Amino acid sequence: MLILVDQDGVLADFEHRLYQTWQQATPTHEHPGVAPHERRHFYAKDDYPEHLRDAVQRIYTAPGFFRNLPPIDGALDALQAMLARGHDVRICTSPLTLYQNCVGEKYEWVDRHLGAEWVARMVVTKDKTLVHGDILIDDKPHVTGARTPTWQHVVYNQPYNQQAPGLRLHWGNWQEILGTHPGWD
Ligand SMILES: [Mg+2]
């Protein structure tokens, strides 16, 4: 099976680093950070008042933000375990349109935490519907694009995507989810 795995919010912990960075800068802000468990919109800046959204964006577009994201617990082991089971696993990620720091640092992150073999497994695209696969594990509630995808979207469970229908996976239950679905083991 060809498994596409999203990077931010699935492998790399975007939410905690954004929150920590905002909190560290609190004296200069008039709004407390939105804690990861309180997040409700897919795009983090949409959980902040409109006049603060540029400040949120400045955090995640700054040099070093993507490079220094911590891995989500269990994510790296799960990728290796999927590969060991014989699956073809690719990291399928959409960079920010403000790409200057994001793109290179996404590759650096994978190299640092998973190594060169996984750098070669990266698919970087703004439209994931153009990528073939059997399943796409992604925290975005609705993944859309120019084509009807060949993959089935399995939602990676996060507080901000609770409205999304369908299968819901996290790194504590992924073997159960894949194992119980016909053809996915
Ligand atoms: Mg994501």
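Here, each number is a calculation from the coordinates, and none is a lab measurement. Here the structure is a predicted model, which is why all the values come from computation and not from measurement. Cβ sites come from the backbone with ideal geometry, for glycine too, and all protein chains shown count toward neighbours.
Listed conditions (1) aliphatic (A, V, I, L, M); (2) in contact (Cβ under 8 Å) with a residue 40 or more places away in the chain; (3) over 18 Å from residue 72 (Cβ atoms) are all met by residue 56, apart from (2). When region 154-179 is filtered for residues that are in contact with a strand residue (DSSP E or B) (Cβ under 7 Å, 6 or more places away or on another chain), under 21 Å from residue 86 (Cα atoms) and aliphatic (A, V, I, L, M), the ones remaining, listed by number, are 154, 169, 177. Counting only residues that are more than 13 Å from the ligand (Cβ to nearest atom) and surrounded by 15 or more Cβ atoms within 10 Å (Cβ to Cβ), how many does region 125-144 have? The total comes to 5. Can you confirm whether region 64-76 contains a residue that is within 28 Å of residue 174 (Cα to Cα) and charged (D, E, K, R)? Looking through region 64-76, at least one residue is within 28 Å of residue 174 (Cα to Cα) and charged (D, E, K, R).
Filtering region 29-48 to residues that are acidic (Asp, Glu) and surrounded by 13 or more Cβ atoms within 10 Å (Cβ to Cβ) leaves 46, 47.
If you check 61, 26, 21 for being away from the ligand (no atom under 15 Å from the Cβ) and surrounded by fewer than 12 Cβ atoms within 10 Å (Cβ to Cβ), only one passes: 26. Counting only helices (runs of 4 or more DSSP H) that sit wholly inside region 72-173, those with at least 2 residues that are within 22 Å of residue 16 (Cβ to Cβ) and either touching a residue at least 40 places away in the same chain (Cβ under 8 Å) or within 15 Å of the chain's Cα centre (by Cα) (or both) are 75-84, 99-114. Hey, could you check region 1-37 for residues that are touching a His at 6+ places or on another chain (Cβ under 6 Å) and not in a helix (DSSP H, G or I) and say which is farthest from residue 127 (Cα to Cα)? Across region 1-37, the extreme among qualifying residues is 1.
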